[in-house]
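Shown next, in structure tokens, is the structure this report addresses.
The values are calculated or read from the model by the stated rules, or taken from the named source; none is laboratory data. This is a predicted model, so every value here is computed, not measured. Glycine also receives a Cβ, built like all others from the backbone with ideal geometry; neighbour counts cover every protein chain displayed. Just the protein is used for accessible areas: all its heavy atoms, side chains included, with ligands, DNA and RNA removed. Shrake-Rupley method; radii C 1.70, N 1.55, O 1.52, S 1.80 Å.
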Amino acid sequence: MQSCCTLEFPSIFLLALVESAAVGRMHKVHWYGSLVVGTVRMVWNAIAWISENKIGIKLCIKKASDATVQPKKPIRKRARKPKSLNEDSSDETSPEKRNRKSEKPRKTNNNTEKRSVEEDYKPPEDQSVWANDVPEPVLYTIFKNVVQDEGSLPTLIRLSRVCSTWYKMSQKPSLWRTVDLGAWVKDRFKTEPRLKWLIENRLNQATEVGLANWKVTNVQCVLDKLLEAAPGLISITLTGWKALSSDHLLFLVQNFKSLQSLDLSSINAEVNANKTAVGQMSLCNAITEMGSRLTHLHLAHNRLGGIPQIVKALSTHCPNLVLLDLSNVNTVAISHGILHIEQLQHGCQKLKVLRITNSHINLSTASLQEQMESPGFPELEELSVASLADEARLFNDEFLQRILKTSTKLTLLDVRGCARLTHDSLIRLPTWDLKHLFLSGCSINRDMGAGLELIASKWAHSLIEFDLAWASATKPLDDALKALADKGSESPLKYLNLCGSSVSLEAVKEVLANCPNINAINLASCRGLPRGVKRLLQGAQEIAELRENLGVTLRGVPSQSSSSPRDT
């Protein structure tokens, strides 16, 4: 309630009111309301005097109501309920909790309600005939053919994501016979519990299993489960299993009666590992136990001792050995490991692949009679003796001839870094259909004679891949490329490595104009070429652009027989 009255009084009375209000505050009068009442009483008592004096100011007084003004209560904020520590965060993604959350009513305005009505759940439409109408045997045959062409992984994982029918079909154990879990599984998922689950649920009929670099501590438990699930295992890869001991290896070769291929790479990189699976006694016992069953043995990236004893066991008990990988092998002793190549040739006549790349291994000395009586490797198809260290200087023409004296079926030869090799030993090789030749870092690339041209002419009809990187002799290199180009449309050349070489622009144009099947050419760091082309060019589109930039026109048309040669 408010009432206003016009009062006229001198300014001295206003000062008196202010002074009295100050006195009231100093004495802490009970409430401010009593202060106001006292002030009003003083005003009304002085009305008589005020009315006589016409000089003053206007004052508007507001009467307070009889109700007592109570102070406002502080607003309390609602505390958020803390999440239970025992609650598993993974349960939030479970279907039950998702459904429970979706059932809770939410406060929405009219627009959101209209949208929710319009966006009601619609049942999925019928799937294509590939899911529902194709008979199961037909679908299984399709899956089987795809797996044979592209492998079980990641093919089956991708096919399982199409629909529920394909998911059930991808779980067939017969489709998981050849599985490489080392290459297609990320490292953070390579745990022992996951491996046990895969063995129990996917590898029931597996014959070839790759388990490279899995983090396994209880090796015996994993081997027991693998034996129970896949007793007919033929090939197993245990690369990087540091905990694999000699007892585990003996259990493996004794219980898996069909085991033929064994990959024990990167197991023993340390010096002091007495009970390791790749120790001398352990390997000799395993080789003796497997005998003629053993066809593939990988011992790469290990520190081995007793290489002569291992080679003797192989030549004595393993006549069916097809592959022997001794790449990047170091010896326990300071001296080089001795490889008795003639002894291995007598005992392993079926050997097709021999790899001694970058290894601390040297060939043993042999008399002329021993070399003449040796049958060589008549079935050998791949030989790799490349090296980036000083061990390459030990490999010379004599060693190459001793290994390849009867290897007429050789298709791949890697002698990169072998500085003591000459073109004479390569020209005298008995093979005439070499497809992959790697000569980077050899002294042949620095020879000013006609050796490089003779090598290119000998295998120009069969070479698919030719590595001439860092060749510094310009004229012999250009002549070798022209010898390759002379085959024209019959040339099967696909990949040419000229990185860091002194090749001329005219020789490159000659190859591009006459080799129609070329799919990749490495011209990085070639100082004799113009800018813009000094890089690795691969693929049909980039090769076509290179021909266009250099003004080269393809002369020959590829024949049907050489348009798609198969690599070995």
Most to least packed among 521-529, 535-543 [average Cβ atoms within 10 Å]
521-529, 535-543
Two pseudo-spin positions, 7 Å from Cα along C-beta at Arg194 and at Gln148, lie apart in nanometres by 3.1
Output the pairs from Lys186/Lys215; Lys475/Lys509; Lys350/Lys409; Lys350/Lys405; Lys215/Lys257; Lys350/Lys494 with a Cα-Cα distance over 23 Å in this structure; if there are none, say none.
Lys215/Lys257; Lys350/Lys494
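Roughly how many Å² is the accessible area per residue of the range 406-555, as a whole number, for a 1.4 Å probe?
41
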Rounded, prolate or oblate: pick one for the range 127-175, where a ≥ b ≥ c are the square roots of the eigenvalues of its C-alpha gyration tensor, a/c under 1.5 means rounded, and failing that, prolate if a/b is larger than b/c, else oblate.
prolate
Protection-proxy order for peptides 192-200, 138-146, each taking the mean of Cβ atoms within 10 Å per residue, highest first
192-200, 138-146
How far apart, in nm, are two points set 7 Å out from the Cα along the Cα-to-Cβ line at Ala520 and at Asp486?
2.9
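What part of the accessible area of the range 406-555, given as a whole %, is carbon or sulfur when the probe is 1.4 angstrom?
Percent of accessible area from carbon and sulfur atoms in the range 406-555: 48.
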Using a Förster radius of 35 Å, what is the FRET efficiency between Lys186 and His461 based on their Cβ-Cβ separation? Nearest 0.05, please.
0.20
What accessible area per residue, rounded to a whole number of Å², is obtained for the range 250-341 using a probe radius of 1.4 Å?
41
Rounded to one decimal in nm, the spacing of the 7 Å Cα→Cβ label points at Trp432 and Arg527 is 4.1
What do you get for Rg/Rh over the range 406-555 if you use C-alpha atoms and the Kirkwood form of Rh?
0.95
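Rounded to the nearest whole Å², what accessible area per residue is found for the range 127-175 with the 1.4 Å probe?
Ligands and nucleic acids excluded, the result is 63 Å² per residue.
Using 0.36 nm times the number of residues separating Asn255 and Leu505, minus their current alpha carbon distance, what extension gain do you get?
83.8 nm
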Between Gln371 and Cys221, what length comes free when the chain is fully extended (0.36 nm per residue of separation minus the Cα-Cα distance, one decimal in nm)?
49.2 nm
Cβ-Cβ cut-off under 11 Å around Leu537, Lys and Arg +1, Asp and Glu -1: the net charge is +1
As a quick test, which of the pairs Lys196/Lys242; Lys144/Lys242; Lys144/Lys435 have an alpha carbon distance above 29 angstrom in this structure?
Lys144/Lys242; Lys144/Lys435
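Within the range 339-374, which trypsin sites (Lys or Arg not before Pro) sit in a loop by DSSP and count at most 10 neighbouring Cβ atoms inside 10 Å?
Loop-located and lightly packed - none at all.
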Using the per-residue mean of other Cβ atoms lying within 10 Å as a proxy for protection, in what order, highest first, do the peptides 374-387, 245-258 fall?
374-387, 245-258
